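Have a look at the structure below before the remarks.
Here, each number is a calculation from the coordinates, and none is a lab measurement. The structure displayed is predicted, hence computed values, not measured ones. Here Cβ is always computed from backbone atoms with ideal geometry, including for glycine, and neighbour counts include all displayed protein chains.
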């Protein structure tokens, strides 16, 4: 039997359970090989029985399944197939190194069932013919693309201390953080006209009157924002000014907390990023966007030390290196489809297909990274 085809079959049986982290969990680091003798999570805690199993001891025994055709002919009545611990763990490491113990048990059962089924399939001659060969060819392409994915990920992760330092010094603005307070001024007043419209739909004003009312309301709130900014520059208390902004807008609910704590540029909307240029004690101009008007005051400015952002920089560089590798790979070859055969390209939401309708793409998912 072709060992490669069997592994692919078993992987398809077990992967959906073994490869997915639990709710709220994260994917384990595939570069870390688990040891059954190491401390583990509660549901993976080793016991005396499994930590003392030697590498050459049987962990799966399939009675009635012969390990080879010769054995089947000579001892058909009592032949068996044995999988040792080292053989089983080699398969697990090839699929998912940190597979949890409950998933390993499920995988072992799936593997044993697949061995029995594949043996019967060979007896029936199902491993012969053009369809089988074509499916094996596609499986090989898929596995090779996955191996390239892993190789590119490993290569992208090879980041030197010098590269980290160079990135840190070349991008100082990315590691500046400011401690800020902010006033939010709503874009429009909650006017008496709007309140009346909610109470009685039959008394809604006409479109022209409603438009005029909205324009007047927006202008009044812009003027209010300008006045509040002047008072903020003069040293006014931001909490008090925020409460006045809501009062001017006719909002009776509690005003939001003005303290935003320490922020970095990546945490701000693009239109607000200019506050990163302010010095401690300075107040920003009124910043307008679709939701309203904003006034910031910078309380302090500091730069995060390299040691504190080293892992973030590693993630950023990994992502950049991987994107560069993928771009180079994609630029090395181009494909053209015959539209007379395939038809025009459809938007993604219009596509549909059952399992196996497409070959899984080999494009890797970039690792998590910090702000670029």
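Report the full-extension gain for the segment residue 82 to residue 253: residue separation times 0.36 nm, less the Cα-Cα distance, to one decimal in nm.
Result: 54.5 nm gained on full extension.
Can you grab the distance from the C-alpha centre of the stretch 207-242 to the C-alpha centre of the stretch 145-164, Å, no decimals?
Cα centroid to Cα centroid, the span is 52 Å.
Return 321, 169 ranked ascending by Cβ neighbour count within 10 Å, so the fewest neighbours appear first.
Listed from fewest to most nearby Cβ atoms, that is 169, 321.
Within a 10 angstrom radius of the beta carbon, how do 317, 346 rank from fewest other beta carbons to most?
346, 317
Could you sort 241-250, 116-125 so that the peptide with the highest average Cβ count within 10 Å comes first and the rest follow in order?
So the order, starting with the most tightly packed, is 241-250, 116-125.
Let me see the pair-distance distribution of the stretch 177-306: every alpha carbon pair, 10 Å bin width, integer percents in order.
12, 38, 28, 15, 6, 1, 0
If packing is taken as the average number of other Cβ atoms within 10 Å across a peptide's residues, how do 230-239, 90-99 rank, most packed first?
Listed from highest to lowest mean packing, they are 90-99, 230-239.
Given the peptides 127-138, 154-165, arrange them by the average over their residues of other C-beta atoms within 10 Å, most packed first.
So the peptides 127-138, 154-165, ranked by packing, come out 154-165, 127-138.
Taking the beta-carbon count within 10 Å as an exposure proxy, list 296, 341, 111, 167 from fewest neighbours to most.
If I rank by nearby Cβ atoms, fewest first, I get 341, 167, 111, 296.
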